[in-house]
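Novice: After the structure tokens below, expect a handful of questions from me.
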Protein chains: 2
Amino acid sequence: MSQPSPQHTMHMVNSYVPGSGADLGPEETALLERRERVLGAPYRLFYQRPVHLVRGEGTVLYGADGTEYLDAYNNVPVVGHSNPRVRAAVDAQLGRLNTHTRYLTEEVVSYAERLTALFPAGLDQAIFACTGSEAIDLALRIAAHATGRSGILVTRHAYHGTTRAAAEISPSLGPNNPVPGNVALIDAPDALKDDPADAQDAFADRIEDAIEQLRSRGHEPAALVVDSIMSSDGLRPAPSAHLSRAAETIRAHGGLYIADEVQPGFGRTGDWWGFEAYGLRPDLAVLGKPMGNGLPISAVIGGPDLFEPFGRQVRYFNTFGGNPVSIAAATAVLDELEDRALPAHADRLGGWLRDELQRQTAADDGVAQVRGAGLFLAVELVTAASRSGGAPDAGRAARAVNHLRENRILISASGAHGNVLKIRPPLVLGESQAERLAEGVAEALRATRR
Amino acid sequence: MSQPSPQHTMHMVNSYVPGSGADLGPEETALLERRERVLGAPYRLFYQRPVHLVRGEGTVLYGADGTEYLDAYNNVPVVGHSNPRVRAAVDAQLGRLNTHTRYLTEEVVSYAERLTALFPAGLDQAIFACTGSEAIDLALRIAAHATGRSGILVTRHAYHGTTRAAAEISPSLGPNNPVPGNVALIDAPDALKDDPADAQDAFADRIEDAIEQLRSRGHEPAALVVDSIMSSDGLRPAPSAHLSRAAETIRAHGGLYIADEVQPGFGRTGDWWGFEAYGLRPDLAVLGKPMGNGLPISAVIGGPDLFEPFGRQVRYFNTFGGNPVSIAAATAVLDELEDRALPAHADRLGGWLRDELQRQTAADDGVAQVRGAGLFLAVELVTAASRSGGAPDAGRAARAVNHLRENRILISASGAHGNVLKIRPPLVLGESQAERLAEGVAEALRATRR
């Protein structure tokens, strides 16, 4: 572990700067002071003027002063804030039984059967943990065990989690989080810069190059880990063939393809899983965030080919992993996603929203691209007149995000340069809310146009 | 990462052996088959004849066939299975708001204030995560950041968690989980073998020796990590001065003392925290298991001396860490522990239980020692007539654990040799239940005596 140079202070996109003199009311100022005392520097707030929340319902969050915010950012409450079905399921289970998996219980088995049935054949077993970070960490352990190798490939601005092993493959965490020698970085596909005629070959070539880098440092490739929507790279849903070719490439070199579905999974992109858009079958899929609508639960999905030898030889146990209460929440999430056909809704409404934003920003040459999949949308902002050649405009992104916050719409920004608006509402977003969101984003872009 | 030799199959104390022909009913046999198909080899069950559970209340767990089990094993439901106050708090919060900590919310701040007030001065900030493993992993990252060093010292049969970094300092996970070169092992204090006149010096000497080992492998010590009750070493509450001397020793060499309070914390040992018995102030304390009575929540407790530089320079964020629902559960746990004075209850009733077990086993020369703190008790079993010189009797421990299970009392076994009965009921254990437990354990020991 290398030591960061002390002069580096970590920067986070859309982060409140303590002591910046934000115009907060007395109640918020007092709460902020208490928070800084007891939670301290590791805890960061969103927005120039942080939002103080007391209640949520569906896609609406309520401030302490009664202000209603349209939540167009949070992917965890996928079936809506304070979802009554999740609440009832959790309450019933908390009154019945909550224990670990070293006793026989029905709930975890039934849910695992239902969950794995949503995956292609071969991905028919589940290991439960509590967070996406834990699941990524476990997937890395399984890959290392299966291959006997140590090399990992990720995209250049990837984020995969916060345990030490997950942070090591998360270059987006910045210069104080240097990636070690067994990790190699690949530029994500970039529809604005890649030549369409040869983009697929170019992406595969970058993987080959990264494998060569690893070898030159003494590491054979164990796995390629890809967020299927490349969220922290600036939301780059790859052209359809790119990732299946990538999976073939890593397998040809004896490594595994690990799909990080923590962000795209559970209907967000319009499919159940982000990897479906690429027609590939990952060796392992990692699930998290929306899985329990906010109750901590995550999973690694795989097959006996990998889980049997790992399980026989390595002792893995997660006390809270697969506990009946988190499982009850996760079961209610599947009920809601299925009964309300939310993946299809995300596809349809997200498509409308993308078209609408494209239409409303067509004349804005600072908008390089509106892109996304389902209800996960990005607006890339640049300074120059030429869209593809424009310099990243993080300043405008920050102004737009804070402008929207003042107009009671919550989004954030993303990407290596912080210049990509990230729009990611709960999937229960209604049509009139989508209209308000589109109008709000368009207005914020007009207000922040040079 | 080294590759385990393929011939090793992991052994776990008190583990059901699949296909061992346990006499299960048709319902359990069917559930077990489904479970093995969809959860597979990583999932292990307790007991020769696994227990199928459907309900829990207080210290009682109910089987699918209506059988009532006295739970004398589970430390997570510290204020009782299906605790109504925890349930009500979770339900109310789930109907109000559940979100991450990048908005201002009252709940996480209030709880952090209340929790840190239970610690000595200097330990006045909290970082929340979801599992003990995540919190240990984070504590290791903070220690590496603060010291710029990589060496870690742990006890020889320690267990600290299941992320890759936590597993690296968990030698109890067995031969397929080899500890890397930056980790050195220290024999835990052993009241049966240590010479009382010089045990404290001997323990400090072992730390010095381990530091020398680390240095010879190129690592300066970053931290000594100690489970304050040394549970997986076979429950070895150290004589009072040992660990404060250990803390002085590691600090003299520039390392941190990290108290792993995942098992002993929250009143289990009769104090709020296990380290209190030693009169020491750790640099970091790690909390987990009982914190939310089964809702996933954990924490690292420390001071601004460590958290400020780490927080400024390293980006750490845990999406579910400190979410209002887990915080509501944790708040209700503190309410219950305080209002019902459960730490004092654990001290008193645990003391009675220990005395009673000592009395009832006094004539049994296969019982080397009954020990423990509060409601965390151990009975060490040996084969030889001479207690201190006896060989570990794992076979008798397994027979006693399974005999108790058939008599509807749930405990387990522990220690490097699996010969230590581990008795660890929810802290709401009543007096008549304690009597039944003492009688049950004594009877199981009579029934398994050679």
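Novice: Could you please find all residues in segment B:133-143 being closer than 15 Å to B:Phe320 by Cα and open to solvent by 10 Å² or more (accessible area, probe 1.4 Å)?
Specialist: B:Ser133
Novice: With A:Arg96, A:Arg114, A:Arg85, A:Arg149 as the choices, which residue is open to solvent by 10 Å² or more (accessible area, probe 1.4 Å), at the interface with another protein chain (Cβ under 8 Å from one of its Cβ atoms), farther than 26 Å from A:Val13 by Cβ and more than 18 Å from the chain's Cα centre (by Cα)?
Specialist: On the way: A:Arg114 fails: at the interface with another protein chain (Cβ under 8 Å from one of its Cβ atoms); A:Arg85 fails: at the interface with another protein chain (Cβ under 8 Å from one of its Cβ atoms); A:Arg149 fails: at the interface with another protein chain (Cβ under 8 Å from one of its Cβ atoms).
Going through A:Arg96, A:Arg114, A:Arg85, A:Arg149 in turn, just one is open to solvent by 10 Å² or more (accessible area, probe 1.4 Å), at the interface with another protein chain (Cβ under 8 Å from one of its Cβ atoms), farther than 26 Å from A:Val13 by Cβ and more than 18 Å from the chain's Cα centre (by Cα): A:Arg96.
Novice: Considering each of B:Leu357, B:Leu334, B:Leu342 in turn, give the residue that is in contact with a helix residue (DSSP H, G or I) (Cβ under 9 Å, 6 or more places away or on another chain) and farther than 30 Å from B:Ala112 by Cα. Full working, then the answer.
Specialist: On the way: B:Leu334 fails: farther than 30 Å from B:Ala112 by Cα; B:Leu342 fails: farther than 30 Å from B:Ala112 by Cα.
Within the list B:Leu357, B:Leu334, B:Leu342, the selection yields B:Leu357.
Novice: Take the residues of segment B:298-313 that are facing chain A (nearest Cβ under 8 Å) and open to solvent by 10 Å² or more (accessible area, probe 1.4 Å): which is farthest from B:Asp124 (Cα to Cα)? First the steps, then the outcome.
Specialist: Within segment B:298-313, the subset facing chain A (nearest Cβ under 8 Å) is B:304, B:307-313.
From what's left, open to solvent by 10 Å² or more (accessible area, probe 1.4 Å): B:304, B:308-309, B:312-313.
Details: B:Pro304: 8, B:Glu308: 12, B:Pro309: 15, B:Arg312: 17, B:Gln313: 20 Å.
Across segment B:298-313, the extreme among qualifying residues is B:Gln313.
Novice: Could I ask something else about it? If I filter segment A:117-131 down to residues being of a type outside the set (A, V, I, L, M, F, W, C) and part of a loop (DSSP other than H, G, I, E, B), which single residue comes out as surrounded by the fewest Cβ atoms within 10 Å (Cβ to Cβ)? Even if it seems obvious, please write down each step before you answer.
Specialist: So in segment A:117-131, the residues of a type outside the set (A, V, I, L, M, F, W, C) come out as A:120, A:122, A:124-125, A:131.
Okay, now just the ones that are also part of a loop (DSSP other than H, G, I, E, B), so A:120, A:122, A:124, A:131.
Details: A:Pro120: 16, A:Gly122: 13, A:Asp124: 19, A:Thr131: 30.
Among residues in segment A:117-131 that are of a type outside the set (A, V, I, L, M, F, W, C) and part of a loop (DSSP other than H, G, I, E, B), the one surrounded by the fewest Cβ atoms within 10 Å (Cβ to Cβ) is A:Gly122.
Novice: So, one more: If I ask for residues that are out of contact with any His (no Cβ under 9 Å at 6 or more places or on another chain) and either farther than 24 Å from A:Gln263 by Cα or not polar (S, T, N, Q) (or both), which ones from segment A:313-335 would you list?
Specialist: Going residue by residue through segment A:313-335, those that are out of contact with any His (no Cβ under 9 Å at 6 or more places or on another chain) are A:316, A:324-335.
Residues satisfying the conditions are A:Tyr316, A:Pro324, A:Val325, A:Ile327, A:Ala328, A:Ala329, A:Ala330, A:Ala332, A:Val333, A:Leu334, A:Asp335.
Novice: Any idea which of A:Val78, A:Val109, A:Val60 is under 30 Å from A:Asp283 (Cβ atoms), more than 7 Å from chain B (Cβ to nearest Cβ) and not hydroxyl-bearing (Ser, Thr, Tyr)?
Specialist: On the way: A:Val109 fails: more than 7 Å from chain B (Cβ to nearest Cβ); A:Val60 fails: under 30 Å from A:Asp283 (Cβ atoms).
Criteria check complete, one pass: A:Val78.
Novice: Return only the number of the condition from (1) without any contact (Cβ under 8 Å) to a residue 24 or more places away in the chain; (2) under 12 Å from A:Thr269 (Cα atoms) that A:Arg354 does not satisfy.
Specialist: Going through the list (1) without any contact (Cβ under 8 Å) to a residue 24 or more places away in the chain; (2) under 12 Å from A:Thr269 (Cα atoms), A:Arg354 breaks only (2).
Novice: Being in contact with a Leu (Cβ under 6 Å, 6 or more places away or on another chain) and open to solvent by 10 Å² or more (accessible area, probe 1.4 Å) narrows it down to one of B:Arg408, B:Arg354, B:Arg450, B:Arg399, so name that one. Can you show your working first?
Specialist: Working: B:Arg408 fails: in contact with a Leu (Cβ under 6 Å, 6 or more places away or on another chain); B:Arg450 fails: in contact with a Leu (Cβ under 6 Å, 6 or more places away or on another chain); B:Arg399 fails: in contact with a Leu (Cβ under 6 Å, 6 or more places away or on another chain).
When all the criteria are applied, what remains is B:Arg354.
Novice: Looking at (1) aliphatic (A, V, I, L, M); (2) within 8 Å of another protein chain (Cβ to nearest Cβ); (3) open to solvent by 10 Å² or more (accessible area, probe 1.4 Å), can you tell me which one A:Leu295 breaks?
Specialist: Of everything listed in (1) aliphatic (A, V, I, L, M); (2) within 8 Å of another protein chain (Cβ to nearest Cβ); (3) open to solvent by 10 Å² or more (accessible area, probe 1.4 Å), A:Leu295 misses just condition (3).
Novice: Is it the case, given these coordinates, that B:Leu24 is buried (at least 17 other Cβ atoms within 10 Å of the Cβ) and farther than 30 Å from B:Thr331 by Cα? Can you show your working first?
Specialist: On the way: buried (at least 17 other Cβ atoms within 10 Å of the Cβ): no; farther than 30 Å from B:Thr331 by Cα: yes.
Here the answer is no, as B:Leu24 does not meet what is asked.
Novice: Can we say A:Ala139 is touching a Leu at 6+ places or on another chain (Cβ under 6 Å), more than 7 Å from chain B (Cβ to nearest Cβ) and in a helix (DSSP H, G or I)?
Specialist: In short, yes.
Novice: Being polar (S, T, N, Q) and touching a Ser or Thr at 6+ places or on another chain (Cβ under 6 Å) is true for just one of A:Thr131, A:Thr116, A:Thr29. Which residue is that? So that I can check it myself, show each step before the final result.
Specialist: On the way: A:Thr116 fails: touching a Ser or Thr at 6+ places or on another chain (Cβ under 6 Å); A:Thr29 fails: touching a Ser or Thr at 6+ places or on another chain (Cβ under 6 Å).
Matching residue, one of A:Thr131, A:Thr116, A:Thr29: A:Thr131.
Novice: Right, here's the next one. Are there any pairs, at least 6 apart or on different chains, whose C-beta atoms fall under 6 Å, with the first in segment A:396-419 and of a type in the set (Gly, Ala, Ser) and the second open to solvent by 10 Å² or more (accessible area, probe 1.4 Å) and in a helix (DSSP H, G or I), and if so, which?
Specialist: Qualifying pairs under 6 Å: A:Gly418/A:Ala394.
Novice: Looking at (1) in contact (Cβ under 8 Å) with a residue 12 or more places away in the chain; (2) closer than 23 Å to B:Val90 by Cα; (3) touching a helix residue (DSSP H, G or I) at 6+ places or on another chain (Cβ under 6 Å), which is the one condition that is false for A:Arg87?
Specialist: (1)
The values are calculated or read from the model by the stated rules, or taken from the named source; none is laboratory data. Computed from a predicted model, the values in this text were never measured in an experiment. Cβ coordinates were reconstructed from backbone atoms using ideal geometry, including for glycine residues, and neighbour counts include every protein chain displayed. With ligands, DNA and RNA removed, areas are computed over all heavy atoms of the protein, side chains included. Shrake-Rupley method; radii C 1.70, N 1.55, O 1.52, S 1.80 Å.
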